[in-house]
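Any read-out appearing in this document is the output of simple, stated calculations on the displayed coordinates, not a laboratory observation. Just so it is clear, the model here is predicted, and its values are computed rather than measured. Ideal geometry is used to build each Cβ from the backbone, glycine not excepted, and the neighbour counts take in all protein chains shown.
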């Protein structure tokens, strides 16, 4: 009997058969492994391609979004600048006196000499134009007639150019506010804006269908446009903002910081008229490398703002992304192939390695996000501080440390008392206590001494909470609004000067009104204070008192100075001054109910007043005050047809008519007279 286990021939036969049986299994494994690896390579390559393509779309979308935000921001600031200049010019061109002067000049025609009445007005109008130019900081302000002559100009205004003159004459035909292309002046770029002036009988001063004059305002523009066009702190490498304007000769690029300031551009990508430039990849305007660009025109101006982003710079991350993606794909393929060839115990090590790589990538992403947040925090102007419950600072951003003139390590663990002093710290502490007590944020306004000067801050205090919603501190964000407040004060000074000029003009027209408006202003303020009115109501009384008589400019002087009492017909004519005053004031935005207060000045509680016959509560308190003050001041002042009476006699008249005048107002007026007027009591 043969023993196959021991017989060499049998063992060789079995071994050979086993090798023959094993060979196909090894080959199948090799084929399967090669197929799996090849499939992994294809999948990895396709995945990298799709990821890179998706990343490219993401980059382009992000570039488009950033470009549109940037160009929209610059365009909005330019439009706001133009609107601000229009509002400044409107203070002059929309005033009734200026419109009346322009209408009379237009009626005078092309005569070389102005009529006598206009010559008399000329010094006052010239003064108004000079004050407007000085207070607005403009180069030139001109009032131009239909014949192209300059009838008014500020003292330092340069001579009018032929182009400016022709453009002004064109406004008489179009009746439209016009922003001229930026011109090159002695000190750089100059902005010229033409404003149509309508006659006073046109209800809406902005209704330019009938233009009787044109106001040209010229102001320096280089520094302002350079400031607006500068790239923001978040701008990335390769991103540029360009500024173009369209003229009759073609398109130009404006470069405000470099002569010759205006450069002709010949490019099919620039429209002949201001129009949106859609986002796309195209050659740089004027020639050059490929860029992503989009543009937005500035409303009502011959300007186009374009944002260009260098395409090579923007897409540079894709090269690294391809290399990293390809390397990761290759590494993944090698690891999977090794795992396939190796035994199962290797799989655990590969898994741990992949997990560690994920943690590493996650840590890198967190670090990148932290760097981005630090960059944003370091660039913002708001002063941010974090105080713990003990009132000591645990964090402050660079803007905060710069404002207080200390390093970060000096600020940490200090209190408001150590940084700002006891008085300021006491006020800040009161706000902190309210926030901690209510759990709600609040905004306060404070004046602080920071480094070189007194600064006005708007401070927002909000509670800082932990994951369990417990308050663990206070976040303080302060914005410096000093410049805005100073600007508001300058605007108020300009308005006060305009009001004073109008009051002076009225008093020259009606000599009996000399000092009347100022006296009404003083007494109205005193009554408002005695009735505990707030600052806005008192400011309304002061403005209304000063402007209450400007409608009398439309009343013939013969009626205002008549020695005898007026006839009923003449009284109706004179009473019309209140409607003319309302027509003038309703077009001016004082931010206060000045027009409504003046309109109620001659209304009476019993309905016997004019122009609307209002009664009782239909008349506002401010209207009752200014009405009583006007009667009082008129009675103690002389008129052509009667003599003056004493203050207390005038008060007796008001007190004897409680059905017409508010008794609380008259009581406050009585208190004022008793305290301030030194004259014997009436017996």
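Packing here is the average count of other Cβ atoms within 10 Å per residue, and on that basis the peptides 82-94, 535-547, highest first, run 535-547, 82-94.
Residue ranges 656-663, 466-473 sort as 656-663, 466-473 when ordered by packing (mean number of other C-beta atoms within 10 Å per residue, highest first).
If R₀ is 35 angstrom, what is the calculated FRET efficiency for the pair residue 367 and residue 56, using the beta carbon separation as r and rounding to 0.05? Don't skip to the end; give the middle numbers.
Details: r = 25 Å, r/R0 = 0.70.
FRET efficiency, residue 367 to residue 56: 0.90.
Where does the stretch 380-480 land on the Kirkwood hydrodynamic radius, alpha-carbon pairs, in angstrom? That comes to 13.6 Å for the stretch 380-480. Highest-first packing order for the peptide set 381-392, 521-532 is 521-532, 381-392, based on the mean count of other beta carbon atoms within 10 Å. Could you tell me how far the Cα centroid of the stretch 558-627 sits from the Cα centroid of the stretch 57-110, in Å? Taking the Cα centre of each part, the stretch 57-110 and the stretch 558-627 sit 35 Å apart.
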